[in-house]
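The values are calculated or read from the model by the stated rules, or taken from the named source; none is laboratory data. What you see is a predicted model; the values in this text were computed from it and never measured. All accessible areas refer to the heavy atoms of the entire protein, side chains included, with ligands and DNA or RNA removed. Shrake-Rupley method; radii C 1.70, N 1.55, O 1.52, S 1.80 Å.
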Amino acid sequence: MASGSLKNSGSWTPKQNKLFEKALALYDKDTPDRWQNVAKAVGGKSAEEVKRHYDILLEDLRDIELGHVPIPNYKSNGSKSFGDQEQRAAEVSKAAVMVQDLA
């Protein structure tokens, strides 16, 4: 996520975020009462809260795709090559497309 902006939509635990991701895959845009179903799957969140969380996720993805958020230069045991950074950028872009397809 882009610089923690999802934290502004209320407190979400890592478990709730994972349940949110799974629920988005299960309940697509054509599902009746989508946000109520997602909220029920997440637990402890209202339909309005999960919809706002989703809207912020889309905003973050747009910012990433537009280059407004730099791709982190993660370091491991060795420094990553330019090719590794390109691969990471491609993975972020692919994830953004997948989420937009769920919209």
task: Return the carbon/sulfur percentage of the accessible area of segment 10-68, one whole number, probe 1.4 Å, all protein chains in place.
output: 52
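How much length is gained if the chain between residue 13 and residue 36 is pulled fully straight, taking 0.36 nm per residue apart and subtracting their Cα-Cα distance, in nm to one decimal?
Details: separation 23, 0.36 × 23 = 8.28 nm, distance 1.88 nm.
Working it through step by step, the gained length comes to 6.4 nm.
Report the extension gain between residue 66 and residue 48 in nm, rounded to one decimal, defined as 0.36 nm multiplied by the number of residues separating them, less their alpha carbon distance. Present the calculation step by step, with values, prior to reporting the outcome.
On the way: separation 18, 0.36 × 18 = 6.48 nm, distance 2.70 nm.
Full extension from residue 66 to residue 48 adds 3.8 nm.
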message: I'd like the Karplus ³J(HN,Hα) series for segment 20-37: coefficients 6.51, -1.76, 1.60, θ = phi - 60°, whole numbers in Hz, and an x wherever there's a Gly or Pro.
response: 4, 4, 5, 5, 4, 5, 7, 10, 7, 4, 8, 6, x, 6, 3, 6, 5, 5
